[in-house]
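K.L.:
The structure is given below, and queries will be raised subsequently.
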Amino acid sequence: MALEEFIGTLQRDTNLEFYYKSAWIDSVVVRNVRKGDLLEQVLAQAFRGTGLNFFTEDNQVFIFQGDPVVASLPEYDDHRKKAFTGVDATSEGNGDQYMTTINISRENMITVGEEHANNNGRKKRVQGRILNGSTGEPLIGATIYVKQLSLGTISDVDGNFFLELAPGQYTISMDHMAMKALEYGLKVLSDGSFTIELENELIELEEITVIDKRRGNVDGMLMGYERITTRSMKEIPVVMGEKDILKVAQMLPGVQNVGEGSSGFNVRGGSPDQNMFYINNISVYNTSHLFGFFTAFSPDIISDFSLYKNNVPAKYGGRIASIFEINTREGNKNNFFAQGGISPITGHVSAEGPVIKEKVTFVASYRSTYSDWILNRINDQDLKNSNATFSDATLGLNAEINTDNRLRFFYYQSADKFSLSTRNDYSYANRGASLLWDHRFNNNLTLDVSAATSNYGFGNIDKNNVSEAYEQDYSIRHSEARADFTWLAPGNHLIEFGANSVLYQLNRGNIIPYGPESRRIPISLGEEQGVENSLYLSDEFSLLPRLNLLLGLRYSHYMYLGPADVIRYDEGLPKNQFTVIGSESYAPWEKVQSYSGFEPRVVLNYSLGNNTSVKASYNRLQQYIFLLSNTIALAPTDQWKLTDSHITPPLSDQVSAGFYHDFQDQGINISVEAYKKWISNVVEYKDGVDFISGAPVETQVLQGTQDSRGIEVMVKKNTNRLTGWVSYTWSRSMVTVDGSFDEMQINDGSPFPSNYDRPHSFNLVSNYRISRRLSFSSNIVYTSGRPVTLPIAVYYSENQQYLYYSSRNKYRIPDYFRIDLSVNLEGNLKFKKLAHSFWMLNIYNLTGRENAYSVFYEARAGQIKGYRLSIFAQPIVTLSWNFKFGNYNSE
Amino acid sequence: MLAPAVFFALLMNFSSCIEPYTADVEEATDLISVEGSIIRGELVQTVVVTRTSAMVNPQFLPVRDCMVEVVDDQGAGFLFNENPDGTYTRTIPDEMLKIGRKYQLRVTTPRGERYESSYERLNSGTEVDSVYYRVEDRIDKVAGEELTGLQFYVDLEAADSISRYYRWSLEETYEYTSVAPISYYYLDESLEQYYPEYDTEFFRCWKTAGIKDLFLSSTKNLVMNEKKMIPLNYVSTESDRLKIKYSLLIRQYTMSENAYRYWLNHKIATQEAGGLYTQQPGQPVSNIVNVDDSTEQVLGFFWASHKTEQRLTIPRINDLPVFGDPCDLVEFSFADHGKGPFPMYIWVDPMSGIRYTSNRFCFVCTLKGGETQPPDWWE
């Protein structure tokens, strides 16, 4: 019997409590235990030759490594359990390298600085670094709390945190989601630093957690912000067994999409092109596989993602609805580790490990479809001739040059190919690479520098009509350099400043005849380029004891650059072929048009007590690129286009207010946020425009305003067996395009709901852990139906019916409701076995509800009838199998 | 673009489904629609003035007693006459419709509202280049059935001086038979036998009907005014049409870009919907206005065109099994059929002497809309 199992039995059946580290006893077994054996005998026998020892006190059994010395328990006796488990080999072992400044005693006392240092009475700067004990990776968002001062802070992306403390003795606790909390004595003598490693929670499987990074729900300065770790989304039910971070994101309040299986989504009433996606600083312009059924990121290597719906940090800009920041794993510093799995659609593998132990690590992943077998099963000629494949791959290298310098490289690509019988061939691909250098000047000042470039392109062959057949290609390159400073200035000012620069290079491509019989007129849509430069500064500080303030300012400057031929139109008249009065040519790199502006951010956080706060914020954002898309959902052939002499950059102003409360004992966070957003220069399209006709874009688009508002309520539970969240959102998103001429209006100039205006939205995501190996998860999703323009009247001509339509998006398709369930079964949990596997059974749409994907009208023999299309009209059951080689605990 | 999501759903065998849907739309609309045309190549010109009806109860609501007139840019005018069905027609010989002239429709309702179209130029037409078919399979999206049948195509070849915008209207004629000749029939429960006038009465029929679909195409994106394989109608083997002989009359119309856009909007709204990759339905832009109230929303379009025709007749295709309309013969018994429904038709198999009956639509071919005499041109 495994010792752990034995202990489990004892803990259940007796009043004994055991304290130990899983890793120590993982391979330990107990043999021939008979009734009447003394516990001491059994353990002593089991530990023989393992280097493990134990001692008992009352009903508590402490297992530890090393000599059988009974440690003198620290004076803060209440916390001795935690304190004891904190005495581990790693903190002692690594101690050598920090000999000058740190000294962790048997009594769990960290001493910072030197005894005889000059004590001039000022506060001392203490820098700490928190690492994951099993992977050596920095722990982001760990909370550090100084008990005596009721003072806390949170570790940054590099695991660092800073405290200013008067010399003296303190108790500090360090905690991180998914890690075991530690409590230490801290003796501050002078400035200094120390490093601590936290261990994975002893009894810990994957759990659903939504945690706020850097800033807590109540204390932090962020609003409209969510961070989700891969660990936390492991057990969320998914369709067809594919883990998908963007599908998880759509369960968050304020995130909508137009229909299941469609790509792109809508954040707080914004269109899909108002979201920016970064994966390790690489911009990703198409985040979906197979038109949106899957997301173009392999979940294996993703560590977490952050979504900023509001208060986008000053260092980010360029999109007015949200910034999605995806971080990948950095690789295990000590051990090689691989994982993978198969589902009905894809196979995926990833590997990571040290290249140079403790210094250089790698992470790599690959995922690909093998779904053609499904196509071949279908008994239809049209479908048999179709095929759909996709793949994505990543490679990351991470070098810890020294304690002050870290270098990271990341490569990402995704590709899709889809051929629809003999009619259309689509292909699209993202490709990008980034280089990041993190530098620490001193304890208070750090610099992150990065350079990244990415390319998105698509191709389309349309063979629907032999005479009209054409080939189209398109590409956009986004190259970005940035430098971000973080400075912990005296007086606890957290100051961030820096600059970034983006170069956009678009080749809108050519429409060329396809096949010998095509008579298509070749069209070149032209190339365009633009550059966006920004500077920013933000300061977060405490204005009053209970009032924290974040002030940020971003200045962006955009230039639309030649070569370009710009058509001039009669001032004040609609732009069309009849109002052209001339044109001007610009040379390559010549400035054609520029736009610039200040984008302020303000956040106030007023604490109403320990666990309650209210916040308010204002935020302005501007964007210089948009998507030409006049279909309801994003299509794979939608083109990105730069703002230019005629199309002005969309601008958003958002105000919001919120209330936040934590029930710390239960691990429950509550947030209520209300927002209102005004967007000007939002891009809309005239009826029936064709973006490959070669007509100037300014004659096809119209610009208007958009008003969005909403209230988002969310309750999260992060601890114990039942975890997850429940959220309700009320929101509206209305567009107005009211030009001075009829042809410059949509919907007669009256406001209309956007395609993704879904007022009510409810999500419940829950995970219930039955045991360490078995857990159940469930999603419940409800949203109002999406708006639709419906025919409201019929008239006749030539014996045929014709339809007269309502004002735009006046009606809605039926409401959407879905329940999903998944069962996750882990293989046995021995820590050091070579391979570990787990099964996931997913049931998507458990009740088989026929949710409307769309409502449409079709003329059949002159009679027009309405129909409702449901894509997933029955429960979809999938079983997927995943494996891990190496340390299964590594997420 | 065909909705890829729909396609993908089918592809993954997701058990997607399409079901009839009635939207809960309660909106009163009482708009006027004025539809009409001047077509060179057609003897009788037609104008229809109607009011819209609700979606739930579609009705043809003609506006009667209008004064309907078409004038040309030279001042000539043609007054239209009202027909009992509420349409307005006028016979205009081709010689009086001149290529290059512009025509305007003027309608005055009994309430005194005056509607006028813009002037539409009568452009010359071009001969139908060729019409042909291919045997193709397809999936009926709504019914979810796989079908086999004939897809008809038309090719275009016109001089560059001719319009780039085309529309086709189709009329099909086909010969079919009932399931069996009528040996005798019962009219009521007395079960008295009546005999048809002659052995094959109601056995052979010829049906002519317009195909109610919009067929449009344009060559505006093409180097030349030529286009191949423009799809027309699809005839599956699941009907009687292809059983004996099928004939398709193709009428080809040239038109202006505005007229094309108007019809294309209608087509997109009712024939290419279903996915999220479709555009918002745009309201077709009418070229008719209320002269006294330009804010009134008027529906319909007035267009001028030059029509040409071609007919394609195809005999039964040997290798193509045609299932026809489902019609099962069942053995007649007084116990089962003595109570009707009447009239009940009986066919006596001359070989076995067994009496068979079936649905009356299967015996009386005219009940399916055909006539017992072939059209004059039928061979």
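K.L.:
Any residue at all in the range A:744-753 that is crowded, with 20+ Cβ neighbours inside 10 Å and either touching a His at 6+ places or on another chain (Cβ under 6 Å) or under 28 Å from A:Gly526 (Cβ atoms) (or both)?
P.N.:
yes
K.L.:
Of everything in the range A:756-772 that's crowded, with 20+ Cβ neighbours inside 10 Å and within 30 Å of A:Asn720 (Cα to Cα), which residue is farthest from the other protein chains (Cβ to nearest Cβ)?
P.N.:
Once the filter is applied, the top-ranked residue is A:Arg769.
K.L.:
Residues being among the β-branched types (Val, Ile, Thr) and farther than 18 Å from B:Ala28 by Cα: count how many of those fall in the range A:789-827.
P.N.:
Here the count works out to 3.
K.L.:
Then there's this: Applying the selection to the range B:357-371, what residues are surrounded by fewer than 17 Cβ atoms within 10 Å (Cβ to Cβ) and part of a helix (DSSP H, G or I)?
P.N.:
Selection gives B:Phe361, B:Thr366, B:Leu367, B:Lys368.
K.L.:
Give the residue, chosen from A:Glu242, A:Glu235, A:Glu201, that is surrounded by fewer than 22 Cβ atoms within 10 Å (Cβ to Cβ) and either at pLDDT below 80 or out of contact with any strand residue (DSSP E or B) (no Cβ under 6 Å at 6 or more places or on another chain) (or both).
P.N.:
Only one candidate qualifies: A:Glu201.
K.L.:
Would the range A:708-718 turn up any residue that is closer than 29 Å to A:Ile625 by Cβ and over 22 Å from the mean Cα position of the chain (by Cα)?
P.N.:
Among the residues of the range A:708-718, at least one is closer than 29 Å to A:Ile625 by Cβ and over 22 Å from the mean Cα position of the chain (by Cα), which makes the answer yes.
K.L.:
What's the total number of residues in the range B:26-52 that are surrounded by fewer than 19 Cβ atoms within 10 Å (Cβ to Cβ) and of a type in the set (Gly, Ala, Ser)?
P.N.:
Within the range B:26-52, residues that are surrounded by fewer than 19 Cβ atoms within 10 Å (Cβ to Cβ) and of a type in the set (Gly, Ala, Ser) number 2.
K.L.:
So, one more: Of the conditions (1) within 13 Å of chain A (Cβ to nearest Cβ); (2) surrounded by fewer than 12 Cβ atoms within 10 Å (Cβ to Cβ); (3) of a type in the set (Gly, Ala, Ser), B:Ser333 fails just one. Which one is it?
P.N.:
(1)
K.L.:
Another question, if that's okay. I'm trying to understand the selection: among the residues of the range A:295-314, which are outside any loop (DSSP other than H, G, I, E, B), touching a strand residue (DSSP E or B) at 6+ places or on another chain (Cβ under 7 Å) and either farther than 29 Å from A:Leu553 by Cα or not assigned by TED's automatic domain parsing to the domain that holds A:Ser414 (or both)?
P.N.:
A:Thr295, A:Asp300, A:Ile301, A:Ile302, A:Ser303 - these are the residues of the range A:295-314 that are outside any loop (DSSP other than H, G, I, E, B), touching a strand residue (DSSP E or B) at 6+ places or on another chain (Cβ under 7 Å) and either farther than 29 Å from A:Leu553 by Cα or not assigned by TED's automatic domain parsing to the domain that holds A:Ser414 (or both).
For (1) at pLDDT 90 or above; (2) touching a Ser or Thr at 6+ places or on another chain (Cβ under 7 Å); (3) hydroxyl-bearing (Ser, Thr, Tyr), each residue gets a yes or a no:
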{"residue": "A:Gln706", "(1), (2), (3)": "yes, yes, no"}
{"residue": "A:Met714", "(1), (2), (3)": "yes, yes, no"}
{"residue": "A:Asn720", "(1), (2), (3)": "no, no, no"}
{"residue": "A:Thr736", "(1), (2), (3)": "yes, yes, yes"}
{"residue": "A:Asp742", "(1), (2), (3)": "no, no, no"}
{"residue": "A:Ser761", "(1), (2), (3)": "yes, yes, yes"}
{"residue": "A:Asn767", "(1), (2), (3)": "no, yes, no"}
{"residue": "A:Ser771", "(1), (2), (3)": "no, no, yes"}
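K.L.:
Give the range B:288-310 a look and list any residue that's in contact with a Leu (Cβ under 9 Å, 6 or more places away or on another chain) and within 14 Å of chain A (Cβ to nearest Cβ), or say none.
P.N.:
The answer is B:Ile288, B:Glu296, B:Gln297, B:Val298, B:Leu299, B:Phe302, B:Ser305.
K.L.:
Suppose we filter B:Thr219, B:Thr208 for residues that are among the polar types (S, T, N, Q), touching a residue at least 60 places away in the same chain (Cβ under 8 Å) and surrounded by fewer than 22 Cβ atoms within 10 Å (Cβ to Cβ); which single one remains?
P.N.:
Matching residue, one of B:Thr219, B:Thr208: B:Thr208.
K.L.:
OK, next. Of all residues in the range A:773-808 being more than 11 Å from chain B (Cβ to nearest Cβ) and crowded, with 22+ Cβ neighbours inside 10 Å, which is modelled with the highest pLDDT?
P.N.:
If we take residues in the range A:773-808 being more than 11 Å from chain B (Cβ to nearest Cβ) and crowded, with 22+ Cβ neighbours inside 10 Å, then A:Asn779 is modelled with the highest pLDDT.
K.L.:
Taking the conditions exactly as written (not small (Gly, Ala, Ser) and not in a strand (DSSP E or B)), does B:Val107 satisfy them or not?
P.N.:
No, not satisfied.
K.L.:
Step by step: first the residues of the range B:61-79, then only those that are surrounded by fewer than 17 Cβ atoms within 10 Å (Cβ to Cβ) and in a loop (DSSP other than H, G, I, E, B), then the one that is nearest to the chain's Cα centre (by Cα). Which residue is that?
P.N.:
B:Arg64
K.L.:
Here's something else I'd like to know. So for the range A:684-702 (the condition being in contact with a helix residue (DSSP H, G or I) (Cβ under 9 Å, 6 or more places away or on another chain), more than 30 Å from A:Val218 (Cα to Cα) and either in a strand (DSSP E or B) or outside the structural domain of A:Asp738 (by TED's automatic domain parsing) (or both)), does at least one residue qualify?
P.N.:
yes
K.L.:
Can you name the number of the only condition in (1) more than 10 Å from chain A (Cβ to nearest Cβ); (2) part of a loop (DSSP other than H, G, I, E, B); (3) more than 26 Å from A:Tyr795 (Cα to Cα) that B:Met224 fails?
P.N.:
Checking B:Met224 against (1) more than 10 Å from chain A (Cβ to nearest Cβ); (2) part of a loop (DSSP other than H, G, I, E, B); (3) more than 26 Å from A:Tyr795 (Cα to Cα), the one that fails is (1).
K.L.:
With (1) hydroxyl-bearing (Ser, Thr, Tyr); (2) more than 14 Å from every other protein chain (Cβ to nearest Cβ); (3) surrounded by fewer than 18 Cβ atoms within 10 Å (Cβ to Cβ) as the list, and A:Thr422 as the residue in question, which single condition is left unmet?
P.N.:
Single failed check for A:Thr422: (2).
K.L.:
Looking at the structure I just gave you, is A:Asp665 closer than 30 Å to A:Asn286 by Cβ, surrounded by fewer than 18 Cβ atoms within 10 Å (Cβ to Cβ) and of a type in the set (D, E, K, R)?
P.N.:
no
K.L.:
Any chance you could count how many residues in the range A:442-485 are touching a residue at least 12 places away in the same chain (Cβ under 8 Å), in a strand (DSSP E or B), more than 14 Å from every other protein chain (Cβ to nearest Cβ) and not basic (Lys, Arg)?
P.N.:
Selection size over the range A:442-485: 25.
K.L.:
Within the range A:247-294, how many residues turn out to be more than 14 Å from chain B (Cβ to nearest Cβ), over 24 Å from A:Gly785 (Cα atoms) and not in a loop (DSSP other than H, G, I, E, B)?
P.N.:
So the answer is 6.
K.L.:
Buried (at least 20 other Cβ atoms within 10 Å of the Cβ) and within 14 Å of another protein chain (Cβ to nearest Cβ), is that true of A:Ile523?
P.N.:
No, not satisfied.
K.L.:
Further question: Tell me, which strands (runs of 3 or more DSSP E) wholly within the range B:135-221 include 1 or more residues that are of a type in the set (S, T, N, Q)?
P.N.:
Where strands (runs of 3 or more DSSP E) fall fully within the range B:135-221 and carry at least 1 residues being of a type in the set (S, T, N, Q), they are B:145-157, B:165-177, B:204-218.
K.L.:
Does the range B:325-333 contain any residue that is touching a residue at least 40 places away in the same chain (Cβ under 8 Å), in contact with a Ser or Thr (Cβ under 9 Å, 6 or more places away or on another chain) and of a type in the set (Phe, Trp, Tyr)?
P.N.:
no
K.L.:
Can I ask one more? Can we say B:Val128 is part of a strand (DSSP E or B) and among the β-branched types (Val, Ile, Thr)?
P.N.:
No: the conditions fail for B:Val128.
K.L.:
Here's a follow-up. Just to be sure before I move on: is A:Phe776 under 18 Å from A:Gly259 (Cβ atoms), hydrophobic (A, V, I, L, M, F, W, C) and touching a residue at least 12 places away in the same chain (Cβ under 8 Å) in the structure I sent?
P.N.:
Against the criterion (under 18 Å from A:Gly259 (Cβ atoms), hydrophobic (A, V, I, L, M, F, W, C) and touching a residue at least 12 places away in the same chain (Cβ under 8 Å)), A:Phe776 does not qualify.
K.L.:
Picking from A:Thr389, A:Thr361, A:Thr394, which residue would you name as being at pLDDT below 90, part of a strand (DSSP E or B) and among the hydroxyl-bearing types (Ser, Thr, Tyr)?
P.N.:
A:Thr389 is the lone residue from the list that is at pLDDT below 90, part of a strand (DSSP E or B) and among the hydroxyl-bearing types (Ser, Thr, Tyr).
K.L.:
Okay, moving on. Looking at B:Lys245 and the list (1) modelled with pLDDT under 90; (2) of a type in the set (D, E, K, R); (3) closer than 23 Å to B:Val364 by Cβ, which single condition is not satisfied?
P.N.:
(1)
The values are calculated or read from the model by the stated rules, or taken from the named source; none is laboratory data. Please read these numbers as outputs of a predicted model, since none were measured by experiment. We place every Cβ from the backbone using ideal geometry, glycine too, and count neighbours over all the protein chains shown.
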